[in-house]
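**Q** Structure provided below as structure tokens; questions to follow.
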Amino acid sequence: MQKRELLYEGKAKRLFLTDDDNLVISEFKDDLTAFNGEKKSSEAGKGALNNKISTELFKLLESKGVPTHFVEMLDDNHMLHKYVDVILIEVIVRNVATGSLSRNLGIEDGKVLPFTLVEFDYKNDALGDPKLNDQHCLILELVDSVDELDQLRAMARQVNDILRPYFFEKGLNLVDFKLEFGKDGDGNIILADEISPDNCRFWDTKTGEKMDKDRFRQGMGGLKVAYEEVLKRILNDNDKKPEESTYEAMMDRALGTK
């Protein structure tokens, strides 16, 4: 598949046209940004790691019935995927309180939420990606109906129901994550963008160590090593599984139900 003209450049990827109108190529960049672009840097190899992690997770989700834009990984930094009309809503899925949820609402950092919280943010850097409710989404014409908002929520919960126990079995707590969706050529809503430590928070289930972009946000260092460890655990089913409990037992303890 031939990479042609640059279609779009974002914070983490460049998007290129191909000789097929229905397919595009994403180039994963090594750039790092945080706080709506106020903090910037780069980490050699970060883009390739995110491409490989996203590839494995898209394949997993597709096998579980979640439609995605993924077609194939072309090389370390390039992914071939379907062209979609991006829905300008960032769907935030939260299992544990941290970050802006703790800052804005005073919920204790690290508190396991009694149920999975799904929020909408407006995908608009100039406005700082503000929070949206259903009425905002309809007024801004980001979707065609409330039914589409309900579909975004349902698909986000489906992704969480697959990925949360999957990562727990690899010794990682999926704290929260951001998803983006788009409509394919037939008007179907499908999962798009990427799923990586750039837009997910992973905490080691034993040590609590942060294995995601918070290492950059908080100036902790060791970002590439953490991303490499996430990929290693994904690729090795037997690596670093919890020794003493199942995912269900962990949830029972966290919520005090047993």
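**Q** Has the range 225-238 got any residue that is modelled with pLDDT of 95 or more, surrounded by 12 or more Cβ atoms within 10 Å (Cβ to Cβ) and within 23 Å of Leu113 (Cβ to Cβ)?
**A** Yes: one or more hits.
**Q** Please go through the range 23-54 and pick out each residue that is loosely packed, with under 12 Cβ neighbours inside 10 Å and either over 17 Å from Asn199 (Cα atoms) or without any contact (Cβ under 8 Å) to a residue 12 or more places away in the chain (or both).
**A** Glu38, Ala44
**Q** Of the numbered conditions (1) in contact with a strand residue (DSSP E or B) (Cβ under 6 Å, 6 or more places away or on another chain); (2) more than 22 Å from Thr18 (Cα to Cα); (3) aromatic (Phe, Trp, Tyr), Phe58 satisfies every one except a single condition; which is it?
**A** For Phe58, the exception is condition (2).
**Q** Which residue pairs have Cβ atoms under 9 Å apart, sit 6 or more places apart or on different chains, and have a first residue in the range 112-137 that is on the phi > 0 side of the Ramachandran plot and a second that is at pLDDT below 95?
**A** Taking only residues 6 or more apart or on different chains, the pairs are Gly128/Asn36; Asp129/Asn36.
**Q** All but one of (1) farther than 14 Å from Asp193 by Cα; (2) surrounded by fewer than 20 Cβ atoms within 10 Å (Cβ to Cβ) hold for Leu15, so report the exception by its number.
**A** (1)
**Q** Sticking with this one: What number of residues within the range 76-95 are hydroxyl-bearing (Ser, Thr, Tyr) and surrounded by fewer than 17 Cβ atoms within 10 Å (Cβ to Cβ)? Write out each step before concluding.
**A** Filtering the range 76-95 for residues hydroxyl-bearing (Ser, Thr, Tyr) gives 83.
Still in the running and surrounded by fewer than 17 Cβ atoms within 10 Å (Cβ to Cβ): none.
Going through the range 76-95 one residue at a time, the tally reaches 0.
**Q** Would you say Val93 is assigned to a strand (DSSP E or B), among the aliphatic types (A, V, I, L, M) and out of contact with any Pro (no Cβ under 6 Å at 6 or more places or on another chain)? Let's see the steps before the verdict.
**A** Details: assigned to a strand (DSSP E or B): yes; among the aliphatic types (A, V, I, L, M): yes; out of contact with any Pro (no Cβ under 6 Å at 6 or more places or on another chain): yes.
When the stated conditions are applied, Val93 passes them.
**Q** I need every pair where a residue in the range 67-86 that is within 20 Å of Asp186 (Cβ to Cβ) has its Cβ under 6 Å from the Cβ of a residue that is assigned to a strand (DSSP E or B) and of a type in the set (Val, Ile, Thr), sequence separation at least 6 or different chains.
**A** Pro67/Ile190; Thr68/Ile190; His69/Ile190; Leu80/Ile25; Leu80/Val71; His81/Val71; Tyr83/Val24
**Q** Which ones in the range 96-125 are surrounded by fewer than 18 Cβ atoms within 10 Å (Cβ to Cβ) and in a helix (DSSP H, G or I)?
**A** Gly99, Ser100, Ser102, Arg103, Asn104, Leu105, Asp125
**Q** Assess whether Glu244 counts as being in a loop (DSSP other than H, G, I, E, B), surrounded by fewer than 22 Cβ atoms within 10 Å (Cβ to Cβ) and modelled with pLDDT under 95.
**A** yes
**Q** Looking only at the range 154-163, which residues are crowded, with 17+ Cβ neighbours inside 10 Å and either over 14 Å from the mean Cα position of the chain (by Cα) or within 13 Å of Phe181 (Cα to Cα) (or both)?
**A** Met155, Ala156, Val159, listed by residue number.
**Q** Go through (1) modelled with pLDDT of 95 or more; (2) out of contact with any Lys or Arg (no Cβ under 7 Å at 6 or more places or on another chain); (3) closer than 16 Å to Val96 by Cβ one by one and return the number of the condition Leu152 breaks.
**A** (3)
The values are calculated or read from the model by the stated rules, or taken from the named source; none is laboratory data. Only a predicted model underlies this, so the values are computations on that prediction, with no experimental measurement involved. Every residue, glycine among them, receives a Cβ derived from its backbone with ideal geometry; neighbour counts consider all protein chains shown.
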